[in-house]
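Written below as structure tokens is the structure these notes are about.
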Amino acid sequence: MSKVYMQDGRLVVPDCVTIPFIEGDGVGAEITPVCQKIVNRAVELAYGGKRSIEWMEVLAGGKAFEKTGEWLPEATMDAFREYLVGIKGPLTTPVGGGIRSLNVALRQTLDLYVCLRPVRWFKGVVSPIKEPQKVDMHIFRENTEDIYAGIEWEQGTPEAKKFYAFLRDEMGVTKVRFPETSSFGVKPVSVEGTQRLVRAAILYALEHKLPSVTLVHKGNIMKFTEGGFKRWGYELAETEFAGKTFTMNQYDKIKKELGEESAKAAMAEAINKGQVIIKDCIADAFLQNTLLIPEEYSVIATLNLNGDYVSDQLAAMVGGIGIAPGANINYLSGHAIFEATHGTAPNIAGKNIVNPCSLLLSSVMMLEYLGWKEAGQLITNALEQAFAAGEATNDLARFMPNGNALGTAEFGDRVIDYL
Ligand code: NAD
């Protein structure tokens with residue numbers, strides 16, 4: 001068994017690498033083997049047999065509960081801790097007490113602070129927008145803070161009453177409209193949490209030669225939390241990435257001092273030099289703009305809740321959840337879990353019709369993360385050819401003029417043909 005490890009801040013990947021995987025509940029049993037078969041073949045073709053993946057199954061979700069009586073066994077956490085990079089199918093959310101969500105538990109335990117969702121359109125896939133070819137965005141959603149931190153108290157409980165009493169008596173808060181029947185939630189947003197996320201987004205833009213990073217926020221209303229996110233993001237760009245970025249703050253300053261023409265000239269020069277433009281946009285306007293002017297946006301850095309909404313809207317613009325990949329990453333420790341972004345789809349499980357592309361494109365992200373870009377590219381090229389020929393699973397094929405709906409396994413085999 002060969003492990004990925006970190007050395008001097010870089011990932012070291014052995015040629016035969018062990019990857020822990022969670023098969024996933026529901027449709028997981030159908031998409032996981034199909035994806036592994038495609039990935040194995042792509043790696044073999046790309047590196048002439050010199051590189052390979054040894055898949056190591058670890059348990060979570062319904063399958064784990066059946067076999068061990070636990071939803072998320074410690075052995076699974078240990079495997080992800082030890083092997084750094086893993087992949088997972090969708091998991092049933094346990095009903096009743098204990099763990100709220102297995103996905104959240106994995107993210108929190110490994111401090112996977114970036115949720116990365118690349119969004120691109122494949123020719124042939126039907127989209128609700130007119131020019132889907134203009135969509136090429138990379139969402140960096142903060143994964144550990146914000147109103148999602150899970151700090152909340154239900155209305156009517158002693159905790160909610162105590163919390164309100166603290167707000168009223170100690171903090172002088174008079175703005176709670178219906179204090180007796182309010183539930184309360186807390187929204188922590190920190191300098192470190194913001195900056196490690198924005199840093200990852202800027203480094204990604206630099207590495208992939210992408211033109212801009214947009215900080216998406218509601219700082220106009222939530223001045224200290226979301227406004228802080230914007231301010232700290234700009235500060236980081238201007239200090240840590242001076243000379244490599246050009247921010248809208250800098251633009252505004254030049255405009256004020258020297259006029260608009262000078263500001264425009266400075267920005268044009270920055271673009272010429274390959275500097276990344278750092279801008280910001282208020283979340284509601286951003287959602288509108290993604291539909292109207294998607295070409296204006298490349299890398300997106302945003303808080304947890306905004307990121308949740310943004311990810312689903314953008315996924316819908318390029319073909320929906322069946323094809324949207326994702327990963328949860330800690331770039332400092334190297335830990336990363338790549339995942340299908342959809343759920344267990346119980347309504348179609350066992351029917352050989354589920355689309356494996358979300359997990360497959362997440363596998364492509366994993367190959368890129370491991371530095372095995374050539375293998376990832378082969379899979380992307382194969383998918384481009386399949387979709388252009390109208391070959392897809394039913395969820396996509398039914399909308400294609402030349403659509404030819406294939407079963408999950410048959411689609412997987414077609415992708416292998418195209419490799
Ligand atoms: P879902 O994503 O499973 O399904 C929503 C709809 O999309 C269904 O009609 C389904 O058939 C369809 N769909 C989903 N993935 C598809 C694919 N790859 N190809 C074709 N069609 C696809 O959401 P849900 O029904 O709300 O949730 C079912 C279960 O999954 C719940 O237990 C939920 O908690 C869990 N869930 C898990 C994750 C995860 O593990 N990341 C994410 C969301 C939901």
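Taken together, the values in this text are just the output of simple stated rules run on the coordinates, not laboratory data. This one's a predicted model, so the numbers in the text were calculated from it and none came from an experiment. Every residue, glycine among them, receives a Cβ derived from its backbone with ideal geometry; neighbour counts consider all protein chains shown.
Key figures for this structure:
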read-out: Cα gyration tensor shape of the range 319-410, rounded if a/c is under 1.5, else prolate or oblate by comparing a/b with b/c; value: oblate
read-out: Residue-averaged [θ]222 nm for the chain, counting only DSSP H segments that reach four residues, each worth -39500 (n - 2.57); value: -13500 deg cm²/dmol
read-out: Order of C16, C35 - criterion: other Cβ atoms within 10 Å of each residue's Cβ, fewest first; value: C16, C35
read-out: Residues with amide H under 5 Å from that of S212, placed H, sequence gap 5 or more; value: I277, S298, V299
read-out: Dipole of the chain, positive direction: furthest Cα of I282, S52, W121, with charges on the beta-carbon; value: I282
read-out: Residues whose placed amide H lies under 5 Å from that of I139, excluding near-sequence neighbours; value: R117, V119, I300
read-out: Cα-based radius of gyration of the chain once divided by 2.2 N^0.38 Å, which approximates compact folds; value: 1.04
read-out: Dipole of the chain [Lys/Arg +1, Asp/Glu -1 at C-beta], most positive-end residue of I38, S362, S262; value: S262
read-out: Estimated inter-spin distance, K134 and V95, nm [label 7 Å along Cα→Cβ]; value: 4.5 nm
read-out: Alpha-carbon centroid distance for the pair the range 342-417 / the range 111-181, whole angstrom; value: 30 Å
read-out: In sequence order, calculated HN-Hα J values of the range 179-185 (Karplus, 6.51, -1.76, 1.60; Hz; x Gly/Pro); value: x, 5, 10, 8, 8, 10, x
read-out: Placed amide H near G403: partners under 5 Å, 5+ positions off or other chain; value: none
read-out: J(HN,Hα) series, the range 297-313, from Karplus relation 6.51 cos²θ - 1.76 cosθ + 1.60, nearest Hz, glycine and proline x; value: 10, 10, 8, 10, 10, 8, 6, 4, 5, 4, x, 5, 5, 4, 4, 6, 5
read-out: Under Karplus coefficients 6.51, -1.76 and 1.60, residue-wise ³J(HN,Hα) of the range 37-45 in Hz, glycine/proline x; value: 4, 5, 5, 4, 5, 5, 5, 4, 5
read-out: Within the range 65-191: Cβ-based charge dipole about Cα centre, in debye rounded to nearest 20 (Lys, Arg +1; Asp, Glu -1); value: 660 debye
